[in-house]
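First comes the structure, then the notes that go with it.
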Amino acid sequence: MRTSRGLVSIASVLLLFGALVSGQQRDPDLLARIRAEGLERSRALAMYRALTDDIGARLTGSPAHLQAARWALDRFTEWGLTNPHLESWDFGRGWQLDKVSVEMTEPRYAPLIAYPDAWSPSTAGVVTGRVVYVGDKTAAQIQAMAGQLRGAIVLTHLPVTEFVVSDRPQPGLNDRPVATGNPTLPQPKSTTPAAELPALLKQAGAAVALRPSAYRDGTVGVTGNRATPTDAVPSIVVAGEQYNVIARLAAQGRPVSMRVELRTRSFDQDRESYNLIADIPGTDPALRDQVVLVGAHLDSWHTAVGATDNADGVVAVMEAMRIIRGLGTPPRRTIRVALWSGEEQGLLGARAYVARHFSSPAERDRLAVYLNDDPGSGKTLGFYMQGNKGAKAVFDRWLGPLKDLGTTRNIVEGIGSTDHVPFNEAGLPGFNVIKEFDDYDERTRHTNADSPDRTSEDQLKQSVVFMATFAWRAAMADEKIPRVAAKPPQPTAAGPSASVR
């Protein structure tokens, strides 16, 4: 004989089962609504232009990065996401470029395309005079030239003879194994090892150091080192073809004069940087504490506006969250968005987040999957599966209905150097999208050519629908994504701080 309590329990189970079946039956309709919203009522282009045209470069530790984080925070608040907040971690000294001007004044006038290394100090006002060429000099010869180098504009490298001329092989287009990871690019050369030059020039009292970019056609690739001393010799990178002209003239003993001015600022008051976090809470009693995390890095380098690296990825995950929140149907699992900082300095924001939130087995068990959008530009083709064949089988099923939008395939190989890596190192299932690489390595990545025109509105929309679809399906699936063994951790100089804002 069943008790009334037993009847109630059975009824509750049946109701829950019915709700789950009903939710699964509604899933195709919800996926169609995601597609329609993403393609027909998109806000992606407006957000993309706000990040690139309005805010511009977003170097970690700069006021512009914090402005971008607060802008995104306002969007999440507007859309009704839960607990949108900035989560701080210890970064160090911030930096900003205020002005750079590099000109050849003799034997003729020519304005030069040039950008400083991030964290370079300023010049002591406007520096003028004859250039001193040391690209073909040994360390001993440079030391012997100390009298000529004091207060001088110094050309540190040989003329560029090998330029960056191609992109990495495009993955996802066939069934053969593919090469993944950042390619090895040509680098400018100097007779004295480049690592020895800063100390030699500082000891000699040089006013500013100029070196060439190895990119073509006026493209200048520049990064920087946040550990650069504030009293280092100011360092500027010049377009390769222009540098070559000046270096050849100087090497021949021809008189070449220049005028250089660099003004930068450092920020020591707030030495923290910030990840931006917000949620769409899950409602399934058995699954709502599990998290589907989607993310992209908000920071960029300083020479352009960080369009393909990584405003397009930021827009993909932000717009995906807006669309899912607007469905009016809550997911089974919680969907969380993370916009990282410090990616360009070594995945620092993502590393800080993993260290803070996934230190115990119970915490790691709550992450269902992390989906990251970073390297490349253009359409999203699939995912790098990091060797996880079990996850690939699931993602292959989810990819099929998106083939009409230009997706190709998921590949079992992995990719490094972006924010899913700290998750993999902790044994968590993290995957990065496959994007197109046309002109990415050759032209836009970490260069002054990373402009908004490199990505179209249709490509942004396609990436949004892709990310929203995968996030929704991961949040609604009966099972979590399969995992593989943790990878050895990579060292980092930064860890999480205790404060959360």
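Screening Arg211 on (1) touching a helix residue (DSSP H, G or I) at 6+ places or on another chain (Cβ under 8 Å); (2) free of Cβ contacts under 8 Å to residues at least 60 places away in the same chain; (3) over 22 Å from Ala304 (Cα atoms); (4) among the charged types (D, E, K, R) shows it passes everything except condition (3). Does region 448-463 contain at least one residue that is closer than 21 Å to Leu339 by Cα and either in contact with a Lys or Arg (Cβ under 6 Å, 6 or more places away or on another chain) or assigned to a strand (DSSP E or B) (or both)? So far as region 448-463 goes, yes, one or more of its residues are closer than 21 Å to Leu339 by Cα and either in contact with a Lys or Arg (Cβ under 6 Å, 6 or more places away or on another chain) or assigned to a strand (DSSP E or B) (or both).
Restricting the search to region 116-133, which residues are more than 12 Å from Gln96 (Cα to Cα) and either outside the structural domain of Asn244 (by TED's automatic domain parsing) or touching a Leu at 6+ places or on another chain (Cβ under 8 Å) (or both)?
Taking region 116-133 as the starting set, the residues that turn out to be more than 12 Å from Gln96 (Cα to Cα) are 123-133.
Thr123, Val131, Val132, Tyr133, listed by residue number.
Within region 309-366, being closer than 20 Å to Ile55 by Cα, among the small types (Gly, Ala, Ser) and buried (at least 24 other Cβ atoms within 10 Å of the Cβ) holds for Ala311, Gly313, Ala316, Ser341, Gly342. Filter region 40-94 down to the residues that are touching a residue at least 12 places away in the same chain (Cβ under 8 Å), acidic (Asp, Glu) and farther than 21 Å from Leu293 by Cα, then identify the one that is surrounded by the most Cβ atoms within 10 Å (Cβ to Cβ). My answer is Asp90. If you go through region 430-465 and keep only what is within 14 Å of Asn182 (Cα to Cα) and hydrophobic (A, V, I, L, M, F, W, C), you end up with Ile434, Phe437.
Would you tally the residues in region 99-120 being assigned to a loop (DSSP other than H, G, I, E, B) and surrounded by 20 or more Cβ atoms within 10 Å (Cβ to Cβ)? Residues flagged as assigned to a loop (DSSP other than H, G, I, E, B) and surrounded by 20 or more Cβ atoms within 10 Å (Cβ to Cβ) within region 99-120 amount to 4. Would you mind finding the one in Glu425, Glu457, Glu442, Glu436 that is of a type in the set (D, E, K, R) and closer than 18 Å to Gly349 by Cβ? None of the others qualify; the one that does is Glu425.
Looking at Thr219, Thr191, Thr138, just one residue is within 26 Å of Val100 (Cβ to Cβ), at pLDDT 95 or above and of a type in the set (S, T, N, Q), and that residue is Thr219.
Across region 356-375, what is the total count of residues that are over 14 Å from Ile481 (Cα atoms) and assigned to a loop (DSSP other than H, G, I, E, B)? Can you show your working first?
Of the residues in region 356-375, the ones over 14 Å from Ile481 (Cα atoms) are 356-363, 372-375.
From what is left, the residues that are assigned to a loop (DSSP other than H, G, I, E, B) are 358-360, 373-375.
Final tally of qualifying residues: 6.
Working only within region 231-266, note down all residues that are within 35 Å of the chain's Cα centre (by Cα) and in a loop (DSSP other than H, G, I, E, B). Selection gives Asp231, Ala232, Val233, Pro234, Ala239. Of all residues in region 53-85, which are in contact with a Gly (Cβ under 7 Å, 6 or more places away or on another chain) and not small (Gly, Ala, Ser)? If the condition is that a residue be in contact with a Gly (Cβ under 7 Å, 6 or more places away or on another chain) and not small (Gly, Ala, Ser), then Arg58, Thr60 are the ones that fit. For the condition modelled with pLDDT of 95 or more, in contact with a Ser or Thr (Cβ under 7 Å, 6 or more places away or on another chain), assigned by TED's automatic domain parsing to the domain that holds Asp289 and not in a loop (DSSP other than H, G, I, E, B), what is the one hit in Gly390, Gly400, Gly349, Gly378? Answer to the check: Gly349. From the list Leu405, Leu428, Leu399, the one residue that fits, being free of Cβ contacts under 8 Å to residues at least 60 places away in the same chain and surrounded by 17 or more Cβ atoms within 10 Å (Cβ to Cβ), is Leu399.
Is it true that some residue in region 154-171 is under 30 Å from Glu319 (Cβ atoms), outside the structural domain of Gln187 (by TED's automatic domain parsing) and among the polar types (S, T, N, Q)? Before you say what the answer is, go through the steps one by one.
In the first step, residues of region 154-171 are kept if they are under 30 Å from Glu319 (Cβ atoms); the result is 167-171.
Pick out the ones that are also outside the structural domain of Gln187 (by TED's automatic domain parsing) and you get none.
Checked region 154-171: no residue is under 30 Å from Glu319 (Cβ atoms), outside the structural domain of Gln187 (by TED's automatic domain parsing) and among the polar types (S, T, N, Q).
Considering region 362-388, and only residues there that are free of Cβ contacts under 8 Å to residues at least 40 places away in the same chain and not aliphatic (A, V, I, L, M), the residue that is nearest to Asn410 (Cα to Cα) turns out to be Asp365. Here Arg176 meets the list (1) at pLDDT below 95; (2) assigned to a helix (DSSP H, G or I) almost entirely, failing just condition (2).
Could you please let me know if Leu327 is of a type outside the set (S, T, N, Q), touching a residue at least 60 places away in the same chain (Cβ under 8 Å) and in contact with an Asp or Glu (Cβ under 6 Å, 6 or more places away or on another chain)? It is false that Leu327 is of a type outside the set (S, T, N, Q), touching a residue at least 60 places away in the same chain (Cβ under 8 Å) and in contact with an Asp or Glu (Cβ under 6 Å, 6 or more places away or on another chain). Filtering Arg288, Arg254 for residues that are out of contact with any Phe, Trp or Tyr (no Cβ under 9 Å at 6 or more places or on another chain) and in the same structural domain as Val100 (by TED's automatic domain parsing) leaves a single hit, Arg254. Taking region 73-98 on its own, how many of its residues are touching a Ser or Thr at 6+ places or on another chain (Cβ under 9 Å), outside any loop (DSSP other than H, G, I, E, B) and not hydrophobic (A, V, I, L, M, F, W, C)? Number satisfying all stated conditions: 8. Could you look through region 282-304, keep only residues that are among the aliphatic types (A, V, I, L, M) and buried (at least 24 other Cβ atoms within 10 Å of the Cβ), and pick out the one that is nearest to Gly221 (Cα to Cα)? Across region 282-304, the extreme among qualifying residues is Ala304. Looking at region 105-126, can you tell me whether even one residue there is of a type outside the set (Phe, Trp, Tyr) and without any contact (Cβ under 8 Å) to a residue 60 or more places away in the chain? Yes, the conditions are met somewhere in region 105-126.
The values are calculated or read from the model by the stated rules, or taken from the named source; none is laboratory data. Please read these numbers as outputs of a predicted model, since none were measured by experiment. Here the Cβ is made from the backbone with ideal geometry for all residues, glycine too, and neighbour counts use every protein chain on show.
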